[in-house]
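Visitor: First the structure, then my questions, so here it is.
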């Protein structure tokens, strides 16, 4: 039986502090449906307190005034501690959201460590100040920290997304109020311990688990200079609306319905081996998942057969079992959502090629079989709407022009891939797809380059110098002639 993890205090400004509210968040295992932990539910008063200490830390404290090398040293200690405690972090996340433990080790914990490491490299080389010759004389262009950052993160990859926001904010000298999801807050308490031991100054970081209402209060707080949000499109639109009242800067990393396009000359064995983990990654609970697979009609039957066999062979079970490849969904509502879409897909005329229901022998837990639909038309709801579960669509196409049209025929534009024997041809195909990241004969997310979406997939970028720049203000200083 999993040991109950209980926390009674909040991490505010670097100190463990009694909450000002009385609410509690109970964390339920998606595998056993039993309570596995509890944490305080932050109140609006706790938000006020956290923003106040973050404001003071930025306006008066040492953090933004330290040298870049000094801030890098602190962030490096955070990165190193995550590496040391990666198994503990992975277990904590898998127990909360159902991520397979093997995936949590690589993507949830070590992936977060890689985010910090990449951000450190980018920050060390970034041009924070430069002289230019202006139209009227010499100018000095400075890039300065944005201020107090409200970072609102989801439950599906909590440490990875936290790192994507914390790393650039901290390295550039801002202070942060981090708001974890109520479904997966336990690992954030490990992060709090790590941050405190790393030597962050007073006020620089607060961590406040809370629901949507308190999140909205944080996003709309007049003491916040920037909001960094990852979540659904609907929530992202609401964040932008609320933040606009104070003209607060926002970056939004939202949903996806990405297409993996198999060209006629692709090596089918290698392609299936690459697409399957990208399509069903993290139980399908990933914004970048390749959930629309486009196959040429000339090879449709063999592609369908190979993908169905691979999906059916995925090991479904206890997320803490290292052999598990697909765990339960985070909550009963997500299980119900996936099962509803499976019903909708059948009503629309799509054919279930693999899966299609609850796995046999797993009556307890919020499980859904890895499901592959065939004969899908891109106009169907299952092809257009983000399901955020292990449900994947196989869509036939005629010529390459049609493949490009279908790939682009989406309100989303976050990720995608193409699979071909000709890499240069694949690059040309990638240039024609309107999406923020794309892959040729692979699936990865490189933290030294920009990540973000077109269309409803978001606003702004994370990672690389482009992502670091989202946490900086630009200042122009006019200089006298000859300076």
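Visitor: Is there a residue in segment 233-247 that is touching a strand residue (DSSP E or B) at 6+ places or on another chain (Cβ under 9 Å), crowded, with 16+ Cβ neighbours inside 10 Å, assigned by TED's automatic domain parsing to the domain that holds residue 466 and outside any helix (DSSP H, G or I)?
Guide: Scanning segment 233-247, I find no residue that is touching a strand residue (DSSP E or B) at 6+ places or on another chain (Cβ under 9 Å), crowded, with 16+ Cβ neighbours inside 10 Å, assigned by TED's automatic domain parsing to the domain that holds residue 466 and outside any helix (DSSP H, G or I), so the answer is no.
Visitor: Just give me the residues in segment 128-161 being in contact with a strand residue (DSSP E or B) (Cβ under 6 Å, 6 or more places away or on another chain) and part of a helix (DSSP H, G or I), in sequence order.
Guide: 161
Visitor: Okay, next question. Return a yes/no flag: does segment 254-265 have any residue that is at pLDDT 95 or above, within 26 Å of residue 473 (Cα to Cα) and either buried (at least 19 other Cβ atoms within 10 Å of the Cβ) or under 21 Å from the mean Cα position of the chain (by Cα) (or both).
Guide: Yes; the residues of segment 254-265 include at least one that is at pLDDT 95 or above, within 26 Å of residue 473 (Cα to Cα) and either buried (at least 19 other Cβ atoms within 10 Å of the Cβ) or under 21 Å from the mean Cα position of the chain (by Cα) (or both).
Visitor: Which is crowded, with 23+ Cβ neighbours inside 10 Å, more than 24 Å from residue 97 (Cα to Cα) and either assigned by TED's automatic domain parsing to the domain that holds residue 87 or touching a residue at least 40 places away in the same chain (Cβ under 8 Å) (or both), of 326, 307?
Guide: 307
Visitor: Within segment 138-147, identify whether any single residue is modelled with pLDDT of 95 or more, buried (at least 21 other Cβ atoms within 10 Å of the Cβ) and under 27 Å from residue 98 (Cα atoms), and answer yes or no.
Guide: no
For every residue, the table says whether it meets (1) part of a loop (DSSP other than H, G, I, E, B); (2) out of contact with any strand residue (DSSP E or B) (no Cβ under 6 Å at 6 or more places or on another chain); (3) surrounded by 20 or more Cβ atoms within 10 Å (Cβ to Cβ).
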{"position": "289", "(1), (2), (3)": "yes, yes, yes"}
{"position": "319", "(1), (2), (3)": "yes, yes, yes"}
{"position": "337", "(1), (2), (3)": "no, yes, no"}
{"position": "346", "(1), (2), (3)": "no, yes, no"}
{"position": "349", "(1), (2), (3)": "yes, yes, no"}
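Visitor: Consider residue 482 against the criteria (1) surrounded by fewer than 23 Cβ atoms within 10 Å (Cβ to Cβ); (2) part of a loop (DSSP other than H, G, I, E, B); (3) at pLDDT 95 or above: it satisfies all of them except one. Which criterion is unmet?
Guide: Tallying (1) surrounded by fewer than 23 Cβ atoms within 10 Å (Cβ to Cβ); (2) part of a loop (DSSP other than H, G, I, E, B); (3) at pLDDT 95 or above, residue 482 fails exactly one: (3).
Visitor: For segment 300-307, state whether one or more residues are assigned to a loop (DSSP other than H, G, I, E, B) and in contact with a helix residue (DSSP H, G or I) (Cβ under 6 Å, 6 or more places away or on another chain).
Guide: For segment 300-307, residues assigned to a loop (DSSP other than H, G, I, E, B) and in contact with a helix residue (DSSP H, G or I) (Cβ under 6 Å, 6 or more places away or on another chain): absent.
Visitor: From the list 200, 170, 166, exactly one residue is in a helix (DSSP H, G or I), more than 17 Å from the chain's Cα centre (by Cα) and assigned by TED's automatic domain parsing to the domain that holds residue 92. Which is it?
Guide: After ruling out the rest, the residue left standing is 170.
Visitor: Looking for something surrounded by fewer than 17 Cβ atoms within 10 Å (Cβ to Cβ), within 28 Å of residue 361 (Cα to Cα) and out of contact with any strand residue (DSSP E or B) (no Cβ under 7 Å at 6 or more places or on another chain) - is there at least one such residue anywhere in segment 3-15?
Guide: Taking every residue of segment 3-15 in turn, at least one turns out to be surrounded by fewer than 17 Cβ atoms within 10 Å (Cβ to Cβ), within 28 Å of residue 361 (Cα to Cα) and out of contact with any strand residue (DSSP E or B) (no Cβ under 7 Å at 6 or more places or on another chain).
Visitor: Considering only residues that are more than 21 Å from the chain's Cα centre (by Cα), closer than 24 Å to residue 95 by Cα and not in a strand (DSSP E or B), which ones fall in segment 360-416?
Guide: If the condition is that a residue be more than 21 Å from the chain's Cα centre (by Cα), closer than 24 Å to residue 95 by Cα and not in a strand (DSSP E or B), then 360, 361, 362, 363, 364, 365, 366, 367, 368, 369, 370 are the ones that fit.
Visitor: If you don't mind, there's one more thing I want to ask. Answer yes or no as to whether residue 410 is more than 24 Å from residue 326 (Cα to Cα) and in contact (Cβ under 8 Å) with a residue 60 or more places away in the chain.
Guide: Yes, satisfied.
Visitor: Quick check on segment 415-425: of everything there that is surrounded by 23 or more Cβ atoms within 10 Å (Cβ to Cβ) and touching a strand residue (DSSP E or B) at 6+ places or on another chain (Cβ under 7 Å), which residue is farthest from residue 296 (Cα to Cα)?
Guide: 416
Visitor: Okay, moving on. List the helices (runs of 4 or more DSSP H) that sit entirely inside segment 1-103 and contain at least 3 residues that are more than 27 Å from residue 117 (Cα to Cα) and modelled with pLDDT of 95 or more.
Guide: In segment 1-103, the matching helices (runs of 4 or more DSSP H) lie at 44-59.
Visitor: Can you tell me which of 250, 227 is buried (at least 23 other Cβ atoms within 10 Å of the Cβ), part of a strand (DSSP E or B), touching a residue at least 12 places away in the same chain (Cβ under 8 Å) and not assigned by TED's automatic domain parsing to the domain that holds residue 396?
Guide: 227
The values are calculated or read from the model by the stated rules, or taken from the named source; none is laboratory data. Just so you know, these numbers come straight off a predicted model, no measurement behind them. All Cβ positions, even for glycine, are placed from backbone atoms using ideal geometry, and neighbour counts span all protein chains on display.
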